[in-house]
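Below is one structure, written out as structure tokens; the observations come after it.
The values are calculated or read from the model by the stated rules, or taken from the named source; none is laboratory data. Everything numeric here is computed off the predicted structure, so don't read it as measured data. We place every Cβ from the backbone using ideal geometry, glycine too, and count neighbours over all the protein chains shown. Surface areas here come from the heavy atoms of the whole protein model, side chains and all, with no ligands, DNA or RNA. Shrake-Rupley method; radii C 1.70, N 1.55, O 1.52, S 1.80 Å.
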Amino acid sequence: MPSGPLTRDRDFLKLWGGQAISKIGSTITSVGLPLTAAIVLGASPLQMGILAGSSGAGVLLFGLFAGAWADRLRRRSILISSDLARAALLSTIPLAAVVHRLGMAHLYAVATFSGILTVFFDASYQAYVPTLVNRENLVEANSKLALTESIADVTGPALTGLLVQLITAPIAILLDALSFLCSAVSVWLIRRPEPLPEPGPAPHIGREIAEGLNASWRNPLLRALLQRAAGGAFFAGFFGSLYFLFAVRELHLTALLLGIVVSVGGASNLLGALLAERLLHRLGLGRSLIGAAWTIGLAMVIVPLAHGPVALSAAFLIAAQLGDMAWPIYSINETSLRQAITPDRLLGRVSSAGHLLFWGALPLGSLAGGVLAQSIGIRQTMLIAALGYLLSTLWFTFSPIRHLRQLPEAPVGGD
């Protein structure tokens, strides 16, 4: 495994390049899917909540299985299969739109099955990266991958807004399907051999899942990550399911203006990705992670305060988007910490435990937010969501994470 700079590592560059294209495509869908519901199909707040929650519903059933399979099978094969399946699934949206058969039930189904495939991809992806790069390059690798996501956040929303104006939201989603094909090809081109799963007792899915959950809960650092994932995701579900509806119906932003607003967040996100390694070395891992979490929550509080003419409302949303700088700092440190302290044989299951809590709590929050918004209004519900998300950071603030200066030297439990 090469130990030099990752910019000279051809196999890492293949993974990085494929994810760059895929992330831009996924950003188109993340904006285009709710806009399809809100603008094309005239969805209600409850329907928007159901749509936002659908992507996480399948994780409740398949999340832990995904982690066990990632530790049992070749992770590269799971990545390729998941990408190809997501490409086929998303292609059904523009096809249904062309023949005038698109409905909310179709969007629910696509969001649900796409969410299932994504959890299989993510569990394998986070476990695959440490087999592709050396441990000392983990932060660099995760920083570069986060940088890719940030660039996608800059270009994707504005591009989506333009595409929605020109060719409608359903047709724009076709580009995401094509991006998954590019990602599958890039992973297939990687030639570095992937280590075989470690031999052990005869496969038993229940025992494997229990081992992963036990490892996740027994370690206080991993436990804090799980607790924050569940609390943050529940209130993020409130918030995310209503954001586009709030911007379009309450603040009267156009699709193009909304795309530009979200792109400001992408630019801020890009800055955070560029600063993440420097902040880690200057502040330490614990302070960087906790500070980023508080920043995200404070930025969310600004959104429901938006009011007045369209220009003023957009200014509020742009101010909130500046807080997106903290997202990659949070993600890079969280992912690197989990990868560093977890033995490779358990990494798929430990990663999926976090995904299970996050994507399990997210649809519950989305549904609760949709119901609450029907009763007390969208703005009031989003304020509750922002305050709840902010308080969920207390799981980190009072955990051993606050004492960490750098990544632990070896995985917990040995490897």
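Summary table
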| quantity | calculated |
| --- | --- |
| Subset tally (residues that are outside any helix (DSSP H, G or I) and touching a residue at least 24 places away in the same chain (Cβ under 8 Å)) for the stretch 353-395 | 1 |
| Single condition Leu256 does not satisfy, out of (1) of a type in the set (A, V, I, L, M); (2) modelled with pLDDT under 90; (3) under 22 Å from the mean Cα position of the chain (by Cα); (4) surrounded by fewer than 23 Cβ atoms within 10 Å (Cβ to Cβ) | (3) |
| Yes/no for Arg249 being surrounded by fewer than 24 Cβ atoms within 10 Å (Cβ to Cβ), touching a residue at least 24 places away in the same chain (Cβ under 8 Å), among the basic types (Lys, Arg) and assigned to a helix (DSSP H, G or I) | yes |
| Failed condition for Gly206, given (1) touching a Phe, Trp or Tyr at 6+ places or on another chain (Cβ under 8 Å); (2) at pLDDT below 70 | (1) |
| When residues of the stretch 154-174 are limited to those that are open to solvent by 40 Å² or more (accessible area, probe 1.4 Å) and not hydroxyl-bearing (Ser, Thr, Tyr), the one modelled with the lowest pLDDT | Val154 |
| Residue check for Leu253: out of contact with any Lys or Arg (no Cβ under 9 Å at 6 or more places or on another chain) and among the hydrophobic types (A, V, I, L, M, F, W, C) | yes |
| Scan of the stretch 97-119 for residues that are open to solvent by 30 Å² or more (accessible area, probe 1.4 Å), touching a residue at least 24 places away in the same chain (Cβ under 8 Å) and not aliphatic (A, V, I, L, M), ordered by number | Tyr108, Thr112, Phe113, Thr118 |
| Positions within the stretch 81-96 being open to solvent by less than 30 Å² (accessible area, probe 1.4 Å) and touching a residue at least 60 places away in the same chain (Cβ under 8 Å), in sequence order | Asp83, Arg86, Ala87, Leu90, Ile93, Pro94, Ala96 |
